[in-house]
Structure formats: C-alpha cells, structure tokens
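Trainee: This is the structure, below, for whatever I ask next.
The values are calculated or read from the model by the stated rules, or taken from the named source; none is laboratory data. In this text, all values refer to a predicted model and were calculated from it rather than measured experimentally. All Cβ positions, glycine included, derive from the backbone under ideal geometry; neighbour counts span all protein chains shown. Surface accessibility is based on the protein's heavy atoms, side chains included, excluding ligands, DNA and RNA. Shrake-Rupley method; radii C 1.70, N 1.55, O 1.52, S 1.80 Å.
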Amino acid sequence: MPIFNPEIECASRDYLHALQSARLIKMVKNAYENVPFYKAKFDEIGLKPEDIHSIDDITKLPFTVKTDLRDNYPFGLFAVPKGELVRIHASSGTTGKPTVVGYTQHDIDVWAEGAARALSAAGGTNNDTVHVSYGYGLFTGGLGLHYGAEKLGATALPASTGNTNRQIQMLQDFKSDIICCTPSYAMFIGETIRDMGIDPKTLPVRAGIFGAEPWTEEMRKQIEELLAIKAYDIYGLSEIAGPGVSYDCECQNGMHVCEDYFYPEVIDPDTLEPLPDGQYGELVFTCIGKEALPLVRYRTRDICALTREKCACGRTTVKMSKPRGRSDDMLIIRGVNVFPSQVEHVLLSLNMAPNYLIIVDRKNNLDLMEVQVEMTPDMFSDTVKGMEAEEKRIEAALQSTLNIHAKVRLMAPGTLPRSEGKAKRVIDNRKL
Amino acid sequence: MIIKQLSIFVENKRGRLAEITKAIAAAGVDIRALSIADTTDFGILRLIVNKPDEAATALKEKGITVSVTNVIAVGFDDKPGAFSVPMQILADNGIDVEYMYAFITRRSEKAYVILRVADNDAAAKVLTDNGVEILSEAEFHEMMC
C-alpha cells in the first residue's frame, strides 16, 4: 500500500518528538498572544509560553472543553484576523448554538493532508475516483474528503448524501474506486445494491472510508461483504480539523494519528491525569500545527486508547483504538452530533415542560430518533389532524436546532421522567 | 343545539382504556355514545356522557388528559339514502366534517349521528334550515333514557 507522506508517517520517534516540540512552542505562543481566552487561562495558573520547552511540557497546559467554544461563540477563540480566514465550518453545540471553527489556508492544507493520508492508506492513488457521499456544507465530512482526494491528485466526485439510486448509478457509470460516507449509509447503499439485484463485485469500488459515527467490527464485515470492498475507518472532529485526524491502514487494527499536527493524549476523565499507552481514557488533542483555532488540550469526550508499537504497514505514528464510548451524553445520530440538552432547549423555547425521552434505534441500518414529549393541556386536540399538526410543529423546531429529523411522539402530561435529579433521558437501542 | 363531548387522550399502553372507563364509572357517569380515533402513536377517545362536566373533573383528578368539545347530533329517518341528505347539505355549504360516529337509541325509527365540524353553529343552521333534525342536549339525553 502506498504511504502519502512517508517522511512523517514513517519518521523516527526522535524526529517526531523534535517536530512536535517545535510546533507546540510556536502554537502556545500564538494562542497566548492572539487569543485572550488562552492568555487569561495561562495567566491564571502562572504559565508563560516560555515555560514550554518541548512536547513533554504539554501536561503543564490547561484543558479546553466544548463549552469554551460556546462561551466564545462564534469567533472568540480564533487566533488570526478575519483576513487570514478562508473557511468556516460548524457542528452541533451542547445548547442551541453551534460550535464554530475557522481555518486559514494553511489549516485547510493541513486538514487536506490528513484526509489524503487516509485515502492513501486505503490504497488510493492519483488514478482513482473518490465518490464522496458525506454531506457537503457546514459539516466537515464532505469537504474534508473532497479536499483530501484533490490533495492526493485523485478525482473527487462530490456526490453528497441522498438519492441512493442515483448514487449507485454514479458508482456504476463513473467507475468510482473509493467511496466515502458514514458507515450506516454504506450499509444502506450495500443493501440497496443487493435489493436491486446488482452483484457488488461488478462495481469497480474497491475500498471505502467510513466515519463520523461509531461503528463496530461486525458492521465492518457486513459492509465489506455487501459492497465487496475493504472498509477503512476514519476519525476526526471539526474542532480539531475534520475527518483525517486519524485513519485506518491496511492492518485495520487502530487508526494512525496525524500526530505532527494533532498531538493526542489519553487522560482519566475524572482525575484529568494522563494515562499510559494501552489504557482507555478520554482522548485529548492539541492542534500543534494549526493557525486559526489553536486549541490546547481539547477534550474530545471520546473514550479510546493509544498504542505506539511499530505497525506492520510501516507507519510509526501513534495509533488510536476505535472510540468505545463517550465521557459525556453526546449522541451521534446519522453522523450528526446530538446533545440531549438541545432537545430540552427546544422544548423550553416552545413553552413546553422540559421532560422528554430520546429513543434511538437503527432500522435498515439507518439511525432513527424519536423524542417523546409531554404535551401541554392546550396542545391536546380532539382531532387526529390537530394532534399531528402539534407533532409536526415540534418536529420542525427540533429539526432546525438538531439538523436531523426526529420523530415526535406526544405523551400525556406528567408521564415522563421529571427533570430533577438524574432522569434517564436517552434510550439507545442501537447495537454499537 | 350543541352537545358536549369528552375528548380523552389515550396513550398506546395496555390497560389505559380500562383505567379511563373505571374513572368514569366511579364518578357515576353513564356513557351514551363513543368512538375512538387510533393512530400508531396514540388514540383519542370521544365520549358523550350524561354528566360531561362531572366526568371531566373526575378524569382530570386521575391525571388523564381530557377536553370538552362541542359537537352536534343529527337525526334522520332510518332508511336507505337518508344519511346522504345532511352530508350533501354540508358539502354544498362548504362545511368540512372532521369526524363523526353513529349511536343507537332505544327508539328505532330514526338514525342518529354525532358530527364534529369546523363550525358547529353554521352547520346546525344550514341543516336546520334544510329541514334536518338537530338534537338539543336535553333532547339527546332524554331520548337516551
């Protein structure tokens, strides 16, 4: 398998250490001098940029959490003047406001490099056509793989999501070699192909890069069978860059982290102490190679473990395991981040009781979200039409905040768990 | 002209109908007519009872979601084609029917239907003007005894 950037991906640990140290020093200085939030945080603990001499000093630095992005909404954590920004992306925040991220041209190049390494690790070359069925837009999935494909010199096909029959037609007609989408959509495409009576072996697609939502080894096997391809995992989050922060190689036993740009640590989410390699804890990233949003020790809330053994593929970069859960209550539904508190926010904005129950299920490999809410007495109507109109009204309000459709089920007042204490708000029936 | 109907929210849960009807029984209320609208998620039970206000209070005390809806009761001869007459009158006057249900009485020469339309007063007027019998609440309950 080709390696996109062997100088980095197969570098010695000493080389990486020196590179990471130099980049961390530069990045900390940038954060301190250009982001008032970081200056205040550093000053609070009496830390000066000069105190950081190497990557080993990273544990001296304070953590950043998602609410810091919200509190500084929209651009408060940006370290560059507007003139240097070339792109904005956004993802769901914990309340109504999205998490906004900005990129300089250098940052876009860094991100594209990560995605290009991922495509290459999946066997991609400049001769390939990369069919991108991630959503294009504020979500980083579509544009992330798109720029990665172009960086690799491959042909990007911006298919985006939806209209599965047309997707399959394009896969056949345009002779795509690699497909990129969420794993659940890959399953759906695979099953549609089977139902259409098409032999997947007749499709030229030989590899798929799937991410943006949790998936299991069992799903990997199913996708590989349904589409007659090899399925590769990719990891990323918009706060750090987007897809391509880490990626599977042909060994498929952990994702290589682009640690020259995104320095990973695993910490105990309770004590916040770093954990040794091999132990599961919360994944933390420091954006040592980025300009616009130099996040310091950003807590991803994903639970995983790091390993630094030399990989059979030849890469020397640290590998992270598939995330096995979250240290917060975020749900990933059809690739979209959903926080239960967002639902509460919407209900309160509609003058409804903040009592709700989210039920997530996976049917025909698509995530389904149902929100049970308590109607107010004046919402009750003696006609089915009237009740359905109320459900639709709430569904529309949820859709505009969550960016995905959730089915609303009206319940009688007083029948759902109260908001006091630790009410169970989520039932996730997906087998992940 | 207007008759009070109880509209009750019924969750799709085993035993819910038993619970509701027991609460009505405990209040000493007699059910005269009923229908239920069912969807995949919930049902709406519609009842005409002899003491609607008492029944509504008793149900609310049990935490059951109930509202009182105004409907009209239409009577016509129990013979083929009779029912189409009031339906045609409503259609001709642009009055849409939300739902309806038939009920039985102890007198057999006439048939009766409960009608829920968008505008009860307008419906009652055009039907009466065209010679269709509309029952008052008193007539309705008297007839049921």
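Trainee: Report the residue, chosen from A:258, A:180, A:311, that carries the largest GNM mean-square fluctuation when chain A is represented by alpha-carbon nodes joined by springs under 10 Å.
Mentor: A:311
Trainee: Lysine pairs in the stretch A:332-428 with Cα distance under 28 Å, only those 8 or more apart or on different chains: how many are there?
Mentor: 9
Trainee: Further question: Counting other Cβ atoms within 10 Å, which GluC sites (Glu not before Pro) in the stretch B:84-145 have at most 11 and lie in a DSSP loop?
Mentor: Values: sites: B:98, B:109, B:133, B:137, B:139, B:142; in loops: B:109.
Those that pass, being in a loop and sparsely packed, are B:109.
Trainee: Debye calculation, C-alpha points only, no solvent: report log10 I(q)/I(0) for chain A at q = 0.07, 0.10 Å⁻¹, in the same order as the q values.
Mentor: -0.36, -0.73
Trainee: Order A:261, A:73 by their accessible area, 1.4 angstrom probe, all chains in place, largest first.
Mentor: Working: A:261 35, A:73 90 Å².
So the residues, ranked largest to smallest area, are A:73, A:261.
Trainee: I'd like the projected area of the stretch B:71-144, averaged over all directions, using the convex hull of its alpha carbons. Report it in nm² with one decimal.
Mentor: Working: hull surface 18.2 nm².
Spelled out: convex hull of the Cα atoms, projected over all directions, averaged, 4.5 nm².
Trainee: Then there is this: In the stretch A:18-83, which GluC sites (Glu not before Pro) are in a loop and have at most 11 other Cβ atoms within 10 Å, using DSSP for the loop call?
Mentor: Sites meeting the loop and neighbour criteria: none at all.
Trainee: Based on Cα positions only, what radius of gyration and what Dmax would you give for the stretch A:332-428, in angstroms?
Mentor: Taking only Cα atoms of the stretch A:332-428, I get Rg and Dmax of 13.0, 38 Å.
Trainee: Can you return the lysines within cross-link range of residue A:201? Criterion is Cα-Cα under 21 Å, with same-chain partners fewer than 8 residues away left out.
Mentor: Here the lysines satisfying the reach criterion relative to residue A:201 are A:175, A:221, A:230.
Trainee: Please find, in a Gaussian network model of chain B (springs between Cα atoms separated by less than 10 Å), the residue of B:62, B:22, B:13 whose mean-square fluctuation is greatest.
Mentor: Sorting by GNM fluctuation, first place goes to B:13.
Trainee: I would also like to ask the following. Taking only protein heavy atoms and a 1.4 Å probe, what accessible area per residue, in Å², does chain A have with all protein chains in place?
Mentor: I get 40 Å² per residue for chain A.
Trainee: Roughly what % antiparallel, to the nearest 5, for the DSSP beta bridges in the protein assembly as shown?
Mentor: Of those bridges, close to 75 percent are antiparallel.
Trainee: Further, regarding this structure: What are the extents of the Cα atoms of chain B along their three principal axes, listed from largest to smallest and rounded to whole Å?
Mentor: 43, 34, 26
Trainee: Enumerate the lysines that residue B:110 could reach by cross-link, defined here as Cα to Cα under 30 Å, with residues fewer than 8 away along the same chain left out.
Mentor: By straight Cα distance, residue B:110 reaches B:4, B:51, B:79, B:125.
Trainee: Now for a different question. When chain A is modelled as a GNM with alpha-carbon springs shorter than 10 Å, which of A:347, A:227, A:143 fluctuates the most?
Mentor: Among A:347, A:227, A:143, the largest GNM mean-square fluctuation belongs to A:347.
Trainee: GluC sites (Glu not before Pro) within the stretch A:369-422: which are DSSP loop residues with at most 11 other Cβ atoms inside 10 Å?
Mentor: Of the GluC sites (Glu not before Pro), the ones in loops of the stretch A:369-422 whose Cβ has at most 11 other Cβ atoms within 10 Å are A:420.
Trainee: Lysines within cross-link reach of residue A:60: Cα-Cα under 22 Å, excluding same-chain residues under 8 positions apart?
Mentor: Partners within reach: A:26, A:29, A:39, A:41, A:48, A:290.
Trainee: For B:96, A:277, A:270, A:328, what's the largest-to-smallest order of accessible area, 1.4 Å probe?
Mentor: Descending accessible area places them as A:270, B:96, A:277, A:328.
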